[in-house]
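Computed from the coordinates by the stated procedures, all read-outs in this text should not be read as laboratory data. None of the values given here were measured: they were computed from a predicted structure. Backbone-built Cβ (ideal geometry, glycine too); neighbour counts: all protein chains shown.
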Amino acid sequence: MANIREVAALAGVSISSVSNVLNGRVDQMRSETRARIEQAIGELNYQPNRIIAQPKKRQPRIFGLLVPSIVNPSFAALAHEVELAARKQHYRMLLGSAGRREEEEAEFIEDLFSQGVRGLIVAASDLRKTHFARAAEQGMVIINYDNRQAWNFSDLPGLYDSISMDNAEAGRIAAAHLLERGCRNIVFATEASLTPGRSLKIDGFQTVLRQHQMESRGQVVEEKAAGGYGDSEMSELGYALAARILRLSPRPDGVVAVNDALGIGLIAGLRDAGAAVPEEISVIGIDNVPLSRMTRPAMSSVMAPLGDIASLMVERLLQRIADPRTPPEEFLFTPSLEARQSVREAGP
């Protein structure tokens with residue numbers, strides 16, 4: 001039996017366009033596009049599940065969470081906190097992992113619509129993509145997490161809440177901590193594909209160096225992932241970056257990792273290369289995932305109040321579902337430092 005994806009492929013359109021035809025949302029669709037879709041439906045003898053496709057009289061107590069990767073412990077920690085917040089509101093969370101790939105993101109949204117779900121938290125993806133804007137226009141309430149300043153918030157009025165840790169402040173805190181502990185040649189280690197969150201962390205790192213007139217002593221050291229933005233490869237990238245960092249001249253004595261997963265791999269790579277952490281080189285991560293306490297030495301990290309962020313996201317989501325007239329807002333949370341043993345003690 002044919003499915004909606006096969007219909008979309010035959011017609012040369014998106015899954016959302018097929019869904020629009022099936023549900024009578026064709027006011028803004030060109031007549032030739034509609035005709036192609038209807039022809040593909042006929043050729044494939046596609047029979048949608050009308051029980052699912054029909055609007056439900058009662059909206060399910062479910063919302064979606066879309067993340068780039070559940071392998072990355074930062075997103076796994078986010079999913080855990082959001083799920084806890086959902087349970088307190090007697091809701092359930094549907095988790096989607098799409099690797100920032102547009103087609104898979106669009107398919108996840110379509111699946112939510114087909115089940116009558118009208119709420120979605122999107123983590124670290126570009127909300128300017130067409131399928132997100134279209135979903136919002138069709139009634140999906142969307143919360144934008146950890147993508148602040150990907151665009152001017154006023155560019156997308158009335159569509160999304162924006163909720164994030166202050167990533168620039170996280171970069172500043174991490175760099176300042178290394179300098180306060182006596183590090184003088186520090187680098188920022190990251191995956192090469194910049195996202196708004198990563199860029200803001202680098203901006204904060206470089207701001208501290210400028211304030212101390214040390215721009216020449218700070219570098220951004222990056223490694224390209226095998227696929228996408230490296231969301232599923234961060235620990236491996238950190239391990240690979242260790243050898244490159246140790247070859248730099250002058251040799252760095254401190255590293256800010258873009259996130260804890262990369263920092264965990266970096267510490268392992270430095271250890272295997274014979275470099276002592278923190279005696280020779282200090283390492284600090286960002287996110288403070290539980291695994292950061294398990295490294296040897298335990299890794300210092302800059303942390304967001306993730307529980308508070310998750311609670312607010314769920315609260316705003318349900319508030320805007322209940323009252324679509326509620327205007328979207330921006331919320332920015334201040335991170336804090338969790339100092340452990342991967343950064344050396346300050347000298348006398």
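Does segment 167-303 classify as rounded, prolate or oblate by the C-alpha gyration tensor (a ≥ b ≥ c root eigenvalues; a/c under 1.5 gives rounded; else a/b over b/c gives prolate, otherwise oblate)?
It comes out rounded by the Cα gyration axes.
Taking 0.36 nm per intervening residue step and subtracting the Cα-Cα distance, what contour gain separates Arg61 from Asp203 on full extension?
So the extension gain works out to 47.1 nm.
Which of His80, Phe331, Gln59 sits closest to the plus end of the dipole of the chain, meaning its Cα is farthest towards the positive end, when Lys and Arg get +1 and Asp and Glu get -1 on the C-beta?
The listed residue farthest towards the positive side: Gln59.
Compute the distance in nm between two label points, each set 7 Å from the Cα along the Cα-to-Cβ direction, one at Gln341 and one at Gln39.
Output for this residue pair reads 7.0 nm.
5 Å is the cut-off here: which amide hydrogens, built 1.01 Å from N in the peptide plane, fall below it relative to Val220, excluding neighbours closer than 5 in sequence?
Placed amide hydrogens put Phe188 under 5 Å from Val220.
What distance in nm lies between label points placed 7 Å from Cα along the C-beta direction at Glu83 and Ala298?
2.5
As an exercise, identify the GluC sites (Glu not before Pro) in segment 244-348 lying in DSSP coil whose Cβ has no more than 15 other Cβ atoms within 10 Å.
Hits after loop and neighbour filter: Glu279, Glu280, Glu329, Glu345.
Rounded to the nearest 0.05, what FRET efficiency do Glu102 and Arg251 give with R0 = 30 Å and r taken as the Cβ-Cβ distance? Could you check?
Rounded to the nearest 0.05, the efficiency is 0.10.
Pop the C-beta distance of Ala276 and Asp308 into the FRET formula with R0 = 45 Å and round what comes out to the nearest 0.05.
After rounding to 0.05, the efficiency reads 0.80.
Would you work out which of Asn167, Val141, Leu241 lies farthest towards the positive end of the dipole of the chain, given +1 charges on the beta-carbon of Lys and Arg and -1 on that of Asp and Glu, about the Cα centre?
Val141
At a Cα cut-off below 18 Å, give the aspartates and glutamates reachable from Lys201, other chains included and same-chain residues fewer than 8 away excluded.
Result set, ordered by chain and number: Asp126, Asp146, Asp166, Glu169, Glu191, Glu215, Glu222, Glu223, Asp231, Asp260, Asp287, Glu338.
Starting from the 7 Å offset along Cα-to-Cβ, what nm value, one decimal, do you get for the label separation of Ala192 and Ala2?
Between Ala192 and Ala2, the label points sit 4.3 nm apart.
Cut-off 10 angstrom, C-alpha nodes, Gaussian network model of the chain. Which of Thr195, Thr207, Thr33 fluctuates the most?
In this elastic network of the chain, the residue with the biggest mean-square fluctuation among Thr195, Thr207, Thr33 is Thr33.
Going by how many other beta carbons lie within 10 Å of each one, how would you line up Tyr91, Tyr239, fewest first?
Tyr91, Tyr239
How do Ile286, Ile15 line up, fewest other C-beta atoms within 10 Å first?
Listing Ile286, Ile15 from fewest to most nearby Cβ atoms yields Ile15, Ile286.
How big is the charge dipole of the chain about its Cα centre, in debye rounded to the nearest 20, if each Lys and Arg gets +1 on its Cβ and each Asp and Glu gets -1 on its Cβ?
480
Assigning unit charges at the beta carbon (Lys, Arg +1; Asp, Glu -1) and nothing else, what dipole magnitude in debye, to the nearest 20, does segment 183-319 show about its Cα centre?
My answer is approximately 340 debye.
Just for the chain, what percent of DSSP beta bridges are antiparallel, to the closest 5?
10
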